[in-house]
Amino acid sequence: MHGRRFKALLTLNALGLRRSFPVQTVFIMRRWHKPIPLSSLLKARVPDTPGVYMLLGDESDLSSVLKIAPARSLRAAFERALEPADSYQPATPEALMFFETVSETAEAERLLGAYKRKHGQNPILNSPF
């Protein structure tokens, strides 16, 4: 598990006070859920919350990443992955892996950047744009 600690500072300049003080410490934990095979019988295992997901080419091989993307609803993303592709698709996903977060777009961009630095290109199903 990875954790990131943020201290929120409240600045009271608007009230005429020139002080800042810590309001609260928030821990944000990032935990990847185990890969879930793409089957309509298993869609209840995926929460209807925002997050980042990865489509995998092989459920047992975590390095077979085909797509990394943000989702406002992880369950809706799972259901879209179940639908057959309208056009040619270079690879067929077999499983979906995800973690829940409120900053899904920023996290997905961070993960895509890390993937691209390591592999020299985006995952095969991610758009190059």
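Nothing in this text is a laboratory measurement; each read-out follows from the coordinates by a stated rule. Note that the coordinates shown come from a computational prediction; the quantities given were computed from them, not determined experimentally. No Cβ is skipped: glycine too gets one built from the backbone with ideal geometry, and neighbour counts run over all protein chains shown.
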Inset, instruction - Fewest Cβ neighbours within 10 Å first, please rank Asp61, Asp86 accordingly. - result: Asp86, Asp61
Legend entry - For Glu94, residues with placed amide H under 5 Å, excluding near neighbours: Leu56, Gly57, Asp58
Inset, instruction - Loop only per DSSP, at most 16 neighbouring Cβ atoms within 10 Å: give me the trypsin sites (Lys or Arg not before Pro) in segment 45-129, ordered by residue number. - result: Arg72
Inset, instruction - Please order Tyr115, Tyr88 by the number of other Cβ within 10 Å, starting at the fewest. - result: Tyr88, Tyr115
Inset, instruction - Could you tell me the number of lysine pairs in segment 31-119 with C-alpha atoms less than 19 Å from each other, where the two lysines are 8 or more residues apart or belong to different chains? - result: 5
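According to the square roots a ≥ b ≥ c of the eigenvalues of the Cα gyration tensor, what is the shape class of segment 59-125, taking rounded for a/c under 1.5, prolate for a/b larger than b/c otherwise, and oblate for the remainder? Can you show the working numbers first?
Details: a/c = 1.66, a/b = 1.10, b/c = 1.52.
Here segment 59-125 falls in the oblate category.
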